[in-house]
Amino acid sequence: MDVCFCLPARGHTMSRRGSDRSHCIRKTALRPSDRSTSAEPAIIEKLHEDYMKPGVLSLAAGVSYMKPPRDCLSWALEAVLQSDSADPHRYGDVVGDQNLLEVIRRKLETVNKLTGQEIMVTAGANQAFVNVLLSITDVGDEVILTKPYYFSHLVALQLCGVVPVMANSDPELKPDPIEIKASITPKTKVCEADETG
């Protein structure tokens with residue numbers, strides 16, 4: 001992949017159209033990272049190609065193919081238009097909307113009896129998983145995945161340079177504590193235990 005970087009010449013400023021004098025450096029060595037090229041390909045695409053026939057409903061990904069009800073869309077638009085924020089269309093707080101966080105915090109305290117919890121609202125469980133990996137792991141650390149695991153979690157580990165360690169589940173597909181304990185090494189940072197059974 002060819003990439004050209006143009007820098008303003010000394011004493012000149014860069015504008016949207018570029019500088020009146022610039023120095024361009026042509027680089028041809030830009031390539032995808034080894035982490036990205038070694039990540040597993042999405043097997044779900046192959047499964048769809050081979051097995052999806054008319055009348056078969058795929059439950060492989062937790063994505064709704066139905067539009068939200070019109071009332072929900074109208075409510076969401078009205079909420080944005082009535083927002084106290086001067087810029088409701090801009091990026092919000094990275095940990096989530098403060099009002100929503102307070103509602104979740106109260107629910108955790110009153111219903112679940114959990115206090116002092118740090119809360120973050122993400123775009124989904126996969127985003128939360130990546131946030132955790134980026135926060136607490138380093139390249140070369142190990143994370144235990146219990147089988148069966150979410151495919152996207154394996155790819156997230158590979159993209160973060162973290163070593164996935166597989167642990168078998170019990171016959172009911174529940175995490176097996178003995179298998180997990182046997183998989184722990186000094187490099188283990190996390191055990192991600194899915195319960196699909």
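The values are calculated or read from the model by the stated rules, or taken from the named source; none is laboratory data. What you see is a predicted model, and the numbers here were worked out from it, not measured in a lab. SASA here: full protein model, heavy atoms, side chains in, ligands and nucleic acids out. Shrake-Rupley method; radii C 1.70, N 1.55, O 1.52, S 1.80 Å.
A few points about this structure:
- For the stretch 68-155, accessible area per residue (1.4 Å probe, heavy atoms of protein chains only), Å²: 76
- Cα centroid separation - the stretch 75-133 against the stretch 142-170, whole Å: 27
- For the residue pairs Lys107/Lys187; Lys46/Lys67; Lys67/Lys189; Lys53/Lys147; Lys46/Lys181, alpha carbon separations beyond 31 Å are given by Lys107/Lys187; Lys67/Lys189; Lys46/Lys181.
- Directionally averaged projected area (convex hull, Cα atoms, the stretch 74-131), nm²: 5.3
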